[in-house]
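Since the structure comes first, as structure tokens, the remarks are kept for the end.
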Amino acid sequence: MQVLEVDQLQKTYRSGGKTVEAVRNVSFGIESHEVLAFLGANGAGKTTTIKMIAGLVLPDRGQVKIAGRNPHQQSIALKSVGAVLEGNRNVYWRLTPEENLEYFGVLRGLSGYVARQRAKVLLERFELMHKRSTIVQNLSRGMQQKLAIAVALIHEPQLLLLDEPTLGLDIEATQTVKRLVREIAGEGRAILLTTHQLDIAEELSNRVAIIKQGEIVAQERTETLIQKFSGDSYRIELE
Ligand code: ATP
């Protein structure tokens, strides 16, 4: 089932007399069970694309459809999308994991009872139960990232957006986050993750879209892309 359709998205930022065409004519789709890696260098337009899909930034042109509906018109993003932005900006640092999960559960439309039940299940599943009452800023970076993903799943969204999910994590936390990404896709959710590391894309995704200066310059099944990389023909695209 097609969960996400992105058609000709466009975003230009204008600030302080400067104009940046951050995203140009970006189109792609993701099905349930599928992980699409958005691969590109810093400043390529990955975060801006994620923000438009999450309904945080309005596109200048183009359309996003989640399960066939426009997130900007019908608050679909609140119900159907979970997003983890870089730096865990989707959690409150002075609340505990349990408080964050319950708060965001209710914010996403769950009853207090259901939010509490789901919070418990997620705390167990993400191995955070023993830290449920510690404020987020006192958790390790890996635990903060696990919590950020748990919070993004509290309303059981069809689509999960992960901006550089393993950036700055140690080896153990990186392995845990990778395992969780595979499990979450295995449950039937669609995942869009951004990365500037080819090995992350290779390990986690079924398909890769390479973005360069705001434009998708290649979109391939991951195995095909890796074969091409080993033949060196794509190396130039990321630089
Ligand atoms: P990074 O990994 O560094 O976040 P990215 O691929 O996610 O890179 P974006 O953050 O989407 O890229 O940025 C794309 C371009 O748009 C960059 O040139 C960036 O400086 C610019 N940009 C992003 N947000 C804004 C903003 N709010 N105002 C002005 N320019 C912006």
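The values are calculated or read from the model by the stated rules, or taken from the named source; none is laboratory data. Computed from a predicted structure; not experimentally measured. Counting neighbours? That spans all protein chains shown, and the Cβs are built from the backbone with ideal geometry, glycine included. Quick note on the areas: whole protein, heavy atoms, side chains included, nothing else; ligands and nucleic acids left out. Shrake-Rupley method; radii C 1.70, N 1.55, O 1.52, S 1.80 Å.
Of all DSSP beta bridges confined to the stretch 106-239, the antiparallel ones make up roughly 55%.
Show that you can apply the helix-only estimate: for the chain, add -39,500 (n - 2.57) for every DSSP H stretch of four or more residues, divide by all residues, and state [θ] at 222 nm to the nearest 500.
Details: 10 runs with 92 residues, N = 239.
Value at 222 nm, helices only, nearest 500: -11000 deg cm²/dmol.
Extension gain, N138-D7: 0.36 nm per intervening residue step, less the Cα-Cα distance, totals 43.1 nm.
Could you sort out which of K46/K212; K11/K46; K11/K212 sit more than 20 Å apart by Cα distance in this structure? Among K46/K212; K11/K46; K11/K212, the Cα-Cα distance tops 20 Å for no pair.
How high is the relative contact order of the chain, in percent, with contacts defined as C-alpha pairs under 8 Å that are six or more residues apart? Each step should come with its number before you reach the end.
On the way: 471 pairs, mean separation 67.2, N = 239.
Result for the chain is 28 percent.
Taking only protein heavy atoms into account and a 1.4 Å probe, give the accessible area per residue of the chain in Å².
Details: 11330 Å² over 239 residues.
Value returned for the chain: 47 Å² of accessible area per residue.
Using the Cα gyration tensor of the stretch 115-239, with a ≥ b ≥ c the square roots of its eigenvalues, what is the shape: rounded (a/c below 1.5), prolate (a/b larger than b/c) or oblate (neither)? Display every interim value, and only then the final one.
Values: a/c = 2.60, a/b = 2.04, b/c = 1.28.
It is prolate, given that a/c is not under 1.5 and a/b is the larger ratio.
Under a Gaussian network description of the chain, with springs only between Cα atoms under 10 Å, the residue in T48, T134, T194 that fluctuates furthest is T134.
Which residues make up the longest stretch of the chain clear of trypsin sites (Lys or Arg not before Pro) that lie in a DSSP loop with no more than 13 other Cβ atoms within 10 Å, not counting the sites?
Values: sites that count: R89, R94.
Here the longest segment lacking exposed loop sites spans 95-239.
Taking I226, I210, I66 as the candidate residues, the one with maximal mean-square fluctuation in a Gaussian network model of the chain, Cα springs under 10 Å, is I226. Relative to its residue count, the stretch 52-190 spans a Cα convex hull of 109 Å³ per residue.
On the accessible surface of the chain, probed at 1.4 Å, how many percent belong to carbon and sulfur atoms?
Numbers: 5260 of 11330 Å².
Answer for the chain: carbon and sulfur cover 46 percent of the accessible area.
With 5 Å bins beginning at zero, the pair-distance distribution over Cα atoms of the stretch 145-203 amounts to 4, 17, 33, 29, 13, 4, 0 %. Just so you know, the averaged projected area of the alpha carbon convex hull for the chain sits at 13.3 nm².
Considering only beta bridges that DSSP places wholly inside the chain, some 55 percent are antiparallel. Hey, rough spin-label estimate for H196 and S15, points 7 angstrom out along Cα→Cβ, what's it come to in nanometres? Output for this residue pair reads 1.8 nm.
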